[in-house]
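Heads up: the structure comes next, in structure tokens.
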Amino acid sequence: MEPAISVRGLRKSFGDQVVLDGLDLTVPEGSVFALLGPNGSGKTTTVDILSTLTPADAGQVRVAGFDVAREARSVRGAIAVTGQFTAVDNLLTGAENLRLVADLLHLGRTKGAARAADLLERFDLVEAATAHPSTYSGGMRRKLDLAMGLMGEPRIVFLDEPTTGLDPRSRRAVWDVVRGLVADGVTVLLTTQYLEEADQLADRIGVLDGGRLVAEGTATELKRQVPGASVRLLFADRRPLDEAARLFPSAAVDADALALDVPSDGGVRALKDVLARLDDAAIEVADLTLQIPDLDDVFLALTGRPTPEEVPS
């Protein structure tokens, strides 16, 4: 099956500034792919090219089975794009915003009204349908913006930092919407500055830096690329702690907590090995936890920068 998005050797410059430098990317159908990267890494430019808003300088790009350069009209018919800022009209009600999009898509009065009603219910906006978006919360405005993009029943949705500026509750409401889209078979490409967002939503994550994809994988795979994983063993008293410390001489001892941190790659095989050695030595363990680096650690290790949300404005 052809992937929903296929990118090979994508290049884009603005004057002397190289924004994308040979980007390769594959996104399977019905999945969420998150692009992470510092400001200026090329995330938004990637979305603009994939959605036909900006031409590429070089490379092969296919979206929904269509060549972006030669079949732009077909690409546009298969996608929806939600940018960093909502595109709702404050002079129209929520329902009128949706009907306006239906008219632009030539859906017809009956089909457009039915589609609008379905989306208002799906996004929990029925009670706010007759109100103007200027009275909406940030989360409600974002949901209406997403609903407008879904009027044409797209196969692929591009979300460019969709929860920027939202409070935690509104952000989680948008996450629920994204999960619902994927459950319906829609493919989502998401750019975000929030690592928790990528961790929660994405099947695969790509870290973009300097116009290149410097790492790609599941959240767990990326975390395992960064040194610092360990198995933390907790003991009931000092005797088994001392015995375990002799068994694992490279481990760090926390005498106050009666804990031992055994270096690990975070994998199942390594955990089984630790447990087997403890069992062979008849050392009783009160509890254990697997500690692996989080995405903040991954981001810092791969880009040499703190995560975007930690950078002072």
Within the stretch 21-61, can you find the residues that are touching a helix residue (DSSP H, G or I) at 6+ places or on another chain (Cβ under 9 Å) and under 19 Å from Pro3 (Cα atoms)? Leu23, Leu25, Gly30, Ser31, Val32, Ala34, Leu35, Leu50, Ser51, Thr52, Gly59, Val61
Looking only at residues in the stretch 13-34 that are without any contact (Cβ under 8 Å) to a residue 60 or more places away in the chain and assigned to a strand (DSSP E or B), which one is nearest to Arg62 (Cα to Cα)? Thr26
Residue satisfying all of: in the stretch 153-174; over 28 Å from Leu300 (Cα atoms) and part of a loop (DSSP other than H, G, I, E, B); farthest from the chain's Cα centre (by Cα) among these: Glu153
Number of the exception - Asp265 against (1) part of a strand (DSSP E or B); (2) closer than 30 Å to Ala215 by Cβ: (1)
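Out of curiosity, is Gly266 closer than 30 Å to Gly42 by Cβ, surrounded by 15 or more Cβ atoms within 10 Å (Cβ to Cβ) and modelled with pLDDT of 85 or more?
No, not satisfied.
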With a cut-off of at least 2 residues that are free of Cβ contacts under 8 Å to residues at least 12 places away in the same chain and either under 24 Å from the mean Cα position of the chain (by Cα) or farther than 21 Å from Asp160 by Cβ (or both), name the helices (runs of 4 or more DSSP H) lying wholly within the stretch 35-117. 72-76, 94-104
Single residue of Leu159, Leu195 found to be touching an Asp or Glu at 6+ places or on another chain (Cβ under 8 Å), in the same structural domain as Thr82 (by TED's automatic domain parsing) and aliphatic (A, V, I, L, M): Leu195
Within the stretch 275-294, can one find any residue that is within 33 Å of the chain's Cα centre (by Cα), surrounded by 15 or more Cβ atoms within 10 Å (Cβ to Cβ) and part of a helix (DSSP H, G or I)? no
Those residues that are without any contact (Cβ under 8 Å) to a residue 60 or more places away in the chain and either hydrophobic (A, V, I, L, M, F, W, C) or buried (at least 17 other Cβ atoms within 10 Å of the Cβ) (or both), I need them from the stretch 143-167; list them, please. Lys143, Leu144, Ala147, Met151, Thr163, Leu166
Assuming Val253 fulfils every condition listed in (1) touching a residue at least 12 places away in the same chain (Cβ under 8 Å); (2) in a loop (DSSP other than H, G, I, E, B); (3) surrounded by fewer than 16 Cβ atoms within 10 Å (Cβ to Cβ) apart from one, which condition is it? (2)
For the stretch 175-192, does any single residue satisfy the condition of being buried (at least 22 other Cβ atoms within 10 Å of the Cβ) and in a loop (DSSP other than H, G, I, E, B)? yes
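The values are calculated or read from the model by the stated rules, or taken from the named source; none is laboratory data. All figures in this text were calculated on a predicted structure; none of them were measured in a lab. Note: ideal-geometry Cβ built from the backbone for every residue, glycine included; neighbour counts use all protein chains shown.
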